[in-house]
Structures are given as C-alpha cells and as structure tokens.
C-alpha cells in the first residue's frame, strides 16, 4: 500500500467510536490512544507530518493486541487491522524497544530448526531465570521432536479425500501432540493427509513487529508450496495461521489459497448428526472463543456444535473476551495481558465445568498459565477422544 493510499484509508475513520465496544486494551486503559480510534488518529497525524515518531507513539501503536474485535464494527469498513500492520511497518525503524525482539524473531523464523535446537538446549537453564525476571509470560513447552520431518503423507485404509495441514510454528515445535491428534482424526474419517515440504511461518509474528518485507517473503513461499497441492482443503489448528493464509495473503502478495479452513469449520458437517459419541475422558466443559476465529473468521457456532455432538456436557460461560495472549502482546504488555486472562478464568470458574476447551494453541498456553483448577484442551483432542 502506497503512502497516499494509506492516508486515504485512515481518512475513512469518522471517529464514531464504534470500535471501542469490544476493544480489550481500551477496556483495561480507558484512554483514547488505547482504542482503535485513537490509534488511527495518531497514525493519520503521523503520516500527515503533524506529529513525529516517538517512544510514546510506538507504545500506543504496538499495544494493539490485533484481536480483530473492531473489524466488523466500523461503519465505513476501514480495515483497522491492516492499518495497524502498516503503521508498525512505518514505525519499526524508530522503535528501539523491540529492536532485539525483531532480530531474534527474524533469525528464529528464517532458520527455524537452528532456533529450535538452541531453544531446546537452553530451555531448562534459561526458562526459570527468564520467568523469575518476568521476561517471558509463561514457560514454553519445547519437546524432543517437531511434528514435521520433510514431506509426510499419511494414508487411510479407505480414502475419501485428501487434506493438507498447515501446522504453523506452535503446533510444529511446541504442541506436536495436537498435530498428531488432527492426523489421527483425519485418517479415521478417510482423508489422506499431507504435510508438505518447505512450509514456513505464516508471517503473523513478523507483521506484528512491523517486518512487512520478511512476512511477505514467508507468504510467497507458503503460497507457492500450498497452491501446487491437489487437495480438498488446507486445514490448521491455529486460527491466526488461517487468517494469515485466507485473509492477509491476498492483501500482502495478491495471492489467495483455495479452501483454507479452520478445523471446526472443516469437521462441522463430517462427524454426523445422530446420537452423541460416548466420551471416556470429557464430562463437563466450557469453551473459550479465540479472537481470530470468532472475529476475523466469523466462526462461533461450529465449535459449540462439535462439543455438543461429542457427548460432553457443555456449559456456556457468561460474557466474552480476549484471553490476553496476542502473541508478543503477552510478553510486552504483561499487566494488561494478565488482567484480561484473569477475567476469562474467573468467568470459566463460575461455570463449574471440569475442563476448558478452545481452538487456538496460543489461547491454550495462555489459559493454562492462569488456570490452576481446570485443564485446558484444544478442541481436536476432544474430537479425537469422541470418535476413537
């Protein structure tokens, strides 16, 4: 997007304030610059040279959690999330606070296996120290082997279709057991499963830090790989990855991928509508809506339908809201992140449900760090338990 186009997009804001209704950062800090409207006003003033880049401006623009809650509330349909991404790209060279975070992220995502090996070697020595100093929000699980290992194809006994999995970084390196659950479910339903060689990060962490060029390079690689596959669908367990592939790639590189679906949408019409499957492990559960799944993809009904079909007692929690993860947000704005987390944990505690189900690996990690009495599971674990 050219600067003139960006200014024109920002000028669509009529300052009505509708975007404040569900803004998690504004709820925690009731000042205008912590709302979408305030951030858009600041970015327009910056582009019109009415203000200069500053640490205070950087803090406001980078404090957006990028949850997407404001996306469908804007009457003139301003693309607020894209506006935040472009603002961060413009400000990155003036932002010293996140300098080393950018270097580490760029290195880790360009050389993921090397970064993984370094993190694996340091996890036991470094994690306790980093946690004690408050430099990381919670301890990350780094296991012995990633999910992907070159190109992998899994064949069912009786094939009815072919599906590609976009694993994403969190599933591949931190929570590979979820990827294995997904593979087993797809095989049970009769789908051949492909984990293609060469998949890279979806680019969302890079965009969040203002590294638009590097994110676009990742997008082109993934588009080139996945567009060549002859599959019925591309599925993922990470809503952020789905939003990147389905919503952001057409804007970033003018490259759309066909039939990109979150796992709840893909499975919603494939598990039958008869009697619920008997559950051996899950009795009563409540559900946490991942922001990107609910707001950016509009998926709310399907996960609840799948939970009810599983046979578990479903107890809806009151209210809704972000868990406070937001990728690097939980690292940079820990107080707001923990306040948002506490609100959701309190809401789920009131339900007396035994377990919390969600559909996002990031939400799983965040909710698990704050839930002392209840375990947090990805919905694919509940589905696998129900059909096996």
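The values are calculated or read from the model by the stated rules, or taken from the named source; none is laboratory data. Note that the coordinates shown come from a computational prediction; the quantities given were computed from them, not determined experimentally. Using ideal geometry, Cβ is built from the backbone for each residue, glycine included, and neighbour counts are taken over all protein chains shown.
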Verdict on residue 63 being assigned by TED's automatic domain parsing to the domain that holds residue 25 and closer than 17 Å to residue 25 by Cα: yes
Search region 1-16 for residues that are not assigned by TED's automatic domain parsing to the domain that holds residue 36 and pair each with any residue that is in a helix (DSSP H, G or I) and exposed (fewer than 14 other Cβ atoms within 10 Å of the Cβ) when their beta-carbon atoms are under 8 Å apart and the residues are at least 6 apart or on different chains. none
Residue check for residue 258: over 26 Å from residue 159 (Cα atoms) and not assigned by TED's automatic domain parsing to the domain that holds residue 113: no
Can you confirm whether residue 244 is in a helix (DSSP H, G or I), surrounded by 15 or more Cβ atoms within 10 Å (Cβ to Cβ) and touching a residue at least 60 places away in the same chain (Cβ under 8 Å)? no
The lone exception for residue 58 - which of (1) modelled with pLDDT of 95 or more; (2) surrounded by fewer than 20 Cβ atoms within 10 Å (Cβ to Cβ); (3) more than 20 Å from the chain's Cα centre (by Cα) it fails: (2)
The residue from 161, 210, 203 that alone is under 30 Å from residue 96 (Cβ atoms) and touching a residue at least 60 places away in the same chain (Cβ under 8 Å) is 210
Filtering region 351-373 down to residues that are within 30 Å of residue 189 (Cα to Cα) and outside any helix (DSSP H, G or I) yields 353, 354, 355, 356, 357, 358, 359, 360
Consider region 21-57. How many of its residues are free of Cβ contacts under 8 Å to residues at least 40 places away in the same chain, in contact with a helix residue (DSSP H, G or I) (Cβ under 7 Å, 6 or more places away or on another chain) and in a helix (DSSP H, G or I)? 9
Tell me yes or no: at least one residue of region 291-302 is assigned to a helix (DSSP H, G or I), surrounded by fewer than 17 Cβ atoms within 10 Å (Cβ to Cβ) and outside the structural domain of residue 208 (by TED's automatic domain parsing). yes
If residue 335 satisfies all but one of (1) out of contact with any helix residue (DSSP H, G or I) (no Cβ under 6 Å at 6 or more places or on another chain); (2) farther than 15 Å from residue 357 by Cα; (3) in a loop (DSSP other than H, G, I, E, B), what's the number of the condition it fails? (3)
Listed by first then second residue, the pairs whose first member lies in region 227-238 and is crowded, with 24+ Cβ neighbours inside 10 Å, whose partner is in a loop (DSSP other than H, G, I, E, B), with beta carbons under 7 Å and at least 6 positions apart or on separate chains, are 234/166; 234/257; 234/259; 236/166; 238/360
Lone unmet requirement of (1) modelled with pLDDT of 95 or more; (2) farther than 21 Å from residue 27 by Cα; (3) part of a helix (DSSP H, G or I) for residue 348: (2)
Please determine, by comparing only the residues of region 178-200 that are assigned to a loop (DSSP other than H, G, I, E, B) and crowded, with 17+ Cβ neighbours inside 10 Å, which one is nearest to the chain's Cα centre (by Cα). 199
